[in-house]
Amino acid sequence: MPLKRECLVLLVLSWVGSLRAQDENRVLFSLGIFQNVSVPVNGTVQAVVSRIPADVSFLTMQFHTHHHNVTLSYTQIPLYGFSVTAADVGLLSNLTLNQTTVSWFLKTPDGSSAAGIGVILPYTSTDPVPGACNQEFPLEIDPNIYLQYNLFETMITFAPANIGYKREETPPACDVDVSSSTRWRLVYEVYQYFLPEGDLSEQSLISSLKRVANVQNVQDNGRKVVSLTSHDRTQFSFSSLPGQGVIFSVIVRDPVLNTSASYIPVHTYACSFNSTLDGCSDLGRVSTKVFFTVIGLAGLFVCFVGHRFFKCELFCMGFGFTAFVFFVVITITTPLEYNLRLALTALVGVVGGVVMLMSWWRFGSVVACVLVVGLILGFHISSIVFFTPLGDFPIFHDDVVFWVVFACIMMFVPLFFIRWPREGNIIACGLVGAYTVVLAVNAYTYTSLSYITLDVLKRLLNHNFSRAFISVPLQDIDFILITVWVVLGISGIVVQLYREKSRPFFPPSPYVLWKQERERRKTNVLDPSHHKPSLSAQILGRIRQLTQRTEPAGETTPLLF
C-alpha cells in the first residue's frame with residue numbers, strides 16, 4: 001500500500017511539473033503588441049492569442065531574430081507544408097465562425113536557444129489576404145517574403161495575394177477573368193527601411209522592425225521603391241550592400257475597397273553572421289584597408305599637386321586604369337580568393353602605371369596621356385550620374401541602353417577637354433583624387449558613396465545585376481564625406497589652376513628633349529654650344545677658379561691639374 005501511494009505521489013508531481021513546464025513555455029500575446037520570446041534549448045514555445053474580436057477574419061503571426069533560424073509551425077511537431085523556418089518567419093491563420101483563440105509553436109531547427117520578438121496582427125474580411133494565391137511555396141497561404149543575396153544583388157520573392165473574405169466563406173478564385181472581382185485588381189508596394197550605417201547590433205534591428213511591422217508603420221517610416229500590379233512578377237532585385245542592414249516590406253492594397261495588409265517583413269545585412277570566412281565580422285579586411293589607404297594618400301597628393309608633378313600623376317592614373325580593368329578580367333575568368341586577386345591587381349596596376357609613364361617619357365604624346373586621364377574622369381562622372389535616381393529608371397535596366405549611354409558620357413568628357421587639356425587634367429586630378437580619399441575612409445567605416453563606382457563594377461561582373469534596384473541610403477556620414485569630397489576637389493582644382501597659370505601647359509618629355517639636343521649638336525657644328533667642354537673639364541675649371549681666389553697675395557701655388 002505505501003508503495004502504491006508513493007507511485008501515485010510521483011505521478012501527480014510529474015504531472016504538475018509538466019504543467020508548470022508547459023506554462024513556462026507558453027507565451028500570451030495581445031493583438032498588435034510586440035512580445036519578447038525566448039526559445040530554450042531543445043524546447044518548444046507555444047504562442048497564444050485569445051479574445052479575438054468577431055470582426056477579425058484572419059491573423060498573421062510574425063517572429064524575428066537577429067540571425068538565428070527559428071521554425072514557426074501550426075503544430076507542435078513541425079510538418080512540411082505547415083511550418084516555415086528562417087530568421088524572419090510568419091504564418092497566417094484563417095478563423096472559424098466562433099473562434100476566439102489561436103496558437104502557434106516556435107522552436108529552433110537545431111535545438112539551440114534563440115531570442116527574438118513577435119507580434120500578431122488582425123485583419124478584417126475586407127482586407128486582402130497576403131500569400132493566399134500561393135502556387136510556389138510549401139504553405140497553402142504564405143505571407144512570407146523570401147530573400148536571397150549574393151555579392152552583387154539581393155532578391156526578394158513573395159506569393160500573390162487574394163481579396164478578403166469572411167470567416168468560413170469560400171475564398172474567391174485566383175485564376176478567373178480580369179474583369180471579375182478577384183485578386184487581379186490588387187496592387188503591391190515594395191518598401192525599404194535602412195538601419196543605421198555600420199550598426200549590426202540586435203537592439204538596432206529590433207527597434208527598426210517595430211517601425212515597419214504593420215501597414216501604417218511601413219508607410220510612415222519606409223521608403224517606397226516600386227508598385228507592382230497583379231500582372232507583374234512578384235519578385236524584385238536590389239543591389240547588395242554588405243554590412244548595411246535593410247528591412248524589406250510589402251504592402252498589398254485593394255483599390256476597390258481601399259484596404260491593405262502587410263506581408264511579413266524580412267531583413268538582411270547581405271553577409272553571414274555564422275560564416276568564419278567573409279562573414280559580417282570580417283568585412284573590413286586588413287588587405288583592403290592597406291590597399292585603399294595607400295590609394296587614398298596617393299589620391300590626396302594628386303588632388304593638390306598632380307599636374308605640377310606630372311610624372312607622378314601619370315603613374316597614379318595608369319595604376320588606377322590598369323588595376324580596374326585587370327580586376328574585372330581576373331574576377332570574371334578565375335575563381336581566385338579575394339586577397340590574392342587584390343595582390344595581383346596591385347602588381348598589375350604598378351606595371352600599368354610604369355608603362356603609361358614610360359610611354360610619355362619615350363614618345364612625349366601629351367594628347368594620348370590626357371585622353372586616358374579624360375576617360376578616367378568620364379568614367380567617374382558617368383558613374384555619378386547613374387548613382388542618382390536616374391539610374392533606377394526602368395529604361396536603364398536594359399544592358400544595351402545602359403552601356404551605350406554610359407559610354408557616351410564617358411567619351412564626351414575627354415573630347416570636351418581637348419580644347420582645354422590642362423584644365424581638364426587638373427579637374428580630373430581634383431575630382432578623382434578627392435574621391436580616393438572617400439574610398440580610403442570606406443575601408444574603415446561604412447559609407448554609401450563607395451557604391452558610385454562599385455555598382456558599375458557589379459554590373460560588369462554580374463549579368464543579372466541590370467534588373468537590381470540600386471538605391472542606397474545617404475545618412476549622416478555620407479553627407480559629411482560628400483562635404484569633404486567637394487571641399488577637397490574644389491580646393492585641389494583652385495590651387496593647381498592658380499599655381500600653373502604662369503607655367504607651360506605640360507612639361508616636355510625628357511627623352512624628346514634629349515633627342516632634340518643630340519640632333520641639334522650633330523647637325524650644327526657652328527653652334528658655339530656644340531663645342532662646350534665636357535662635364536669633367538667644367539668641374540676641373542671650376543676648381544682652378546676657386547683655388548686662385550683663395551691664394552694669399554704674393555704667393556704662388558703650383559698647378560695641381
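Readers should treat all values here as calculations from the given coordinates under stated rules, not as data from a laboratory. From a predicted model like this one, the values you see are computed outputs, not experimental measurements. Neighbour counts are summed over all protein chains in view; Cβ atoms, including those assigned to glycine, are modelled from backbone coordinates with ideal geometry.
Among the listed pairs Lys289/Lys311; Lys311/Lys501; Lys107/Lys458, which are separated by more than 29 Å between their Cα atoms?
Exceeds cut-off: Lys107/Lys458.
State the extension gain, in nm to one decimal, for the chain segment bounded by Asp199 and Val367, taking 0.36 nm per residue of separation less the distance between their alpha-carbons.
So the chain would gain 55.7 nm between Asp199 and Val367.
Can you figure out the FRET efficiency of Thr445 with His231, using R₀ = 35 Å and their beta-carbon distance, to the nearest 0.05? Working shown, then result.
On the way: r = 43 Å, r/R0 = 1.24.
After rounding, the FRET efficiency stands at 0.20.
So, R0 is 60 Å and r is the distance between the beta-carbons of Leu336 and Val486; what FRET efficiency does that work out to, to 0.05? All intermediate terms of the calculation are to be shown ahead of the outcome.
Numbers: r = 37 Å, r/R0 = 0.62.
Plugging the Cβ-Cβ distance into 1/(1 + (r/R0)^6) gives 0.95.
Extension gain Asn258-Leu344, at 0.36 nm per residue separation less the Cα-Cα distance, in nm?
Here the answer is 25.1 nm.
Could you please rank Val351, Val250, placing first whichever residue has the fewest other Cβ atoms within 10 Å of its Cβ? Please report the intermediate quantities before stating the final value.
Details: Val351 14, Val250 25.
With the sparsest Cβ surroundings first, the list reads Val351, Val250.
How big is the range 284-500 along each principal axis, measuring the range of its Cα positions in Å and listing the largest first?
For the range 284-500, the Cα extents along the three principal axes come out at 44, 35, 34 Å.
Sorted from fewest to most neighbouring beta carbons within 10 Å, what does the list Glu500, Glu313, Glu140, Glu197 look like?
Glu140, Glu500, Glu197, Glu313
Between Leu415 and Val354, what's the calculated FRET efficiency when r is the beta-carbon distance and R0 is 22 Å? Round to 0.05.
For Leu415 and Val354, the calculated efficiency is 0.20.
Return the distance in nm (one decimal) between the two label points of a simple spin-label model at Arg211 and Phe309, each offset 7 Å from Cα along Cα→Cβ.
About 4.5 nm separates the two model spin labels.
Relative to the present Cα-Cα distance, how much length would full extension add between Thr75 and Val325 at 0.36 nm per residue of separation?
84.5 nm
Could I get the Rg over Rh figure for the range 224-316? Both from C-alpha atoms, Rh via Kirkwood, rounded to two places.
In the range 224-316, Rg relative to Rh is 1.26.
When Thr447, Thr334, Thr85 are ordered from fewest to most other Cβ atoms inside 10 Å of their Cβ, what list results?
Least crowded to most crowded, the residues run Thr334, Thr85, Thr447.
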